[in-house]
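The block underneath contains the structure these notes are about, expressed in structure tokens.
The values are calculated or read from the model by the stated rules, or taken from the named source; none is laboratory data. The structure displayed is predicted, hence computed values, not measured ones. When we count neighbours, we look across all protein chains shown, and the Cβ atoms used for this are built from the backbone with ideal geometry, even at glycine. We work out accessible area using only protein heavy atoms, side chains counted, and drop any ligands, DNA or RNA first. Shrake-Rupley method; radii C 1.70, N 1.55, O 1.52, S 1.80 Å.
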Protein chains: 2
Amino acid sequence: MMIDWSRLSRDYPILDGLPATLRERVVERSVTAGERLALQGETPTGMYFVLAGEVRLLRRSSSGRETVMQRVQEGFVAEASLDAPCYHCDLIAGASGKVLVFPRCDFEAALTESREFNQAWIVHLSGELRRARSRNERLACPTAAERIRHAILTEGDGRGLVVGSTRKEWAAELGLTHEALYRALRRLRETGAIHEDGGWIEWLAD
Amino acid sequence: MMIDWSRLSRDYPILDGLPATLRERVVERSVTAGERLALQGETPTGMYFVLAGEVRLLRRSSSGRETVMQRVQEGFVAEASLDAPCYHCDLIAGASGKVLVFPRCDFEAALTESREFNQAWIVHLSGELRRARSRNERLACPTAAERIRHAILTEGDGRGLVVGSTRKEWAAELGLTHEALYRALRRLRETGAIHEDGGWIEWLAD
DNA sequence: ACCACCGAGTGATCCAGATCATATGAAATT
DNA sequence: AATTTCATATGATCTGGATCACTCGGTGGT
């Protein structure tokens, strides 16, 4: 089955600059919910690009805690693994779908050979870094309401955002229990600070 | 005054691959504690490398909260600003010292011209991204003790770490009030979970 | 069609951390 | 030398979130 590069290039500028040599080496793969693409400690052999479904980058600490470090419905996952001798996290499919797998050595070769691709990758990494730092800021907020406000205002378009996951998963991402999230959302709704409509949440007051 | 490139290259591999053209354009600058190197919203004009003292990347939210996103005693600060139209954070000197300023356009040019430097920059960005994600994980820990444990085990060498800042600043970095940190540290000390010796903190029990 | 599972949502209780207050000693400023 | 400032440290109190417990409704599997 052929990969629709024209659509992908349109939606993902970074794939537009993909060298032809790398494009030839990529393989499409189906993943089923719960499937483990990679485990903590393994040597990365490829770079994954999620086309459909969901892939999560999650870390299991020795104390048993599980933290989702990244959750991707479309785009690259575990970008920083490229320069790591082994995965620091597990790569788990959260929902069935499709991924592109770029062989690691070909990906690295493409980065050294193509200026354009290289540039695009730096921009991509920088963006991810900003996003991760933004999430740090969010998690440093002491109250649930502040974390919710931060999420709405810094993700999304400034007015509101579409939460692309279940409330329960969103709660974990915000470093809250689901109960705390439900209650905080209700309080904010009742005081008129937010407006909820399905997955869409808008920040009104301040 | 001349810059001691041989020492810098030894200590910072990334500077080793620095193209000569960029090396010629860099300027050394003294900063005094509290000095603002850049403010949120400004267009980045240079990339900063801290030689001595401390520079902080901090974000002021509209609610008045201040969060330190990055704290650098030696190394690059605000790496992700290179690909941003404007700073998302302030750059403030936390302690007097010296910084190298690489003019933005020259830095960008060097990245496109030098493969070696480019590669090193990608490695650097990936490392920062992993560090930021690790901090995400830490801040998602619900208790002070768990955050402390995480910090000790993931920063530092695995047994312990040297906290390179005041307790108060460390508390903020851990998303805690300083009171909560002092109390948690005392509890851990009294139960024999950690051993403190000045700036050195070691994790003993589990 | 049935059952098991899971997310949504709420109540009750408890505890950890935020907040406020205050003391002390060291360092920086005058 | 005197004064201000700030980090360290601890106590008292309060509150927000964790935890436990439960209901309800949808959905996927058998």
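Summary of values
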item	result
Matching residues in segment A:141-154 - criterion: being touching a Lys or Arg at 6+ places or on another chain (Cβ under 7 Å) and away from chain B (no Cβ under 12 Å)	A:151
Residue A:42 being in contact with a Cys (Cβ under 7 Å, 6 or more places away or on another chain) and open to solvent by 40 Å² or more (accessible area, probe 1.4 Å)	yes
Residue B:144 being in contact (Cβ under 8 Å) with a residue 40 or more places away in the chain and within 16 Å of DNA strand D (Cβ to nearest atom)	yes
Selection within segment B:14-42 - part of a loop (DSSP other than H, G, I, E, B) and within 14 Å of chain A (Cβ to nearest Cβ)	B:17, B:40
Odd one out for residue A:145 among (1) assigned to a helix (DSSP H, G or I); (2) within 20 Å of the chain's Cα centre (by Cα); (3) within 12 Å of DNA strand C (Cβ to nearest atom)	(2)
Options A:188, A:176, A:129; residue that is assigned by TED's automatic domain parsing to the domain that holds residue A:76, of a type outside the set (Asp, Glu) and surrounded by 19 or more Cβ atoms within 10 Å (Cβ to Cβ)	A:129
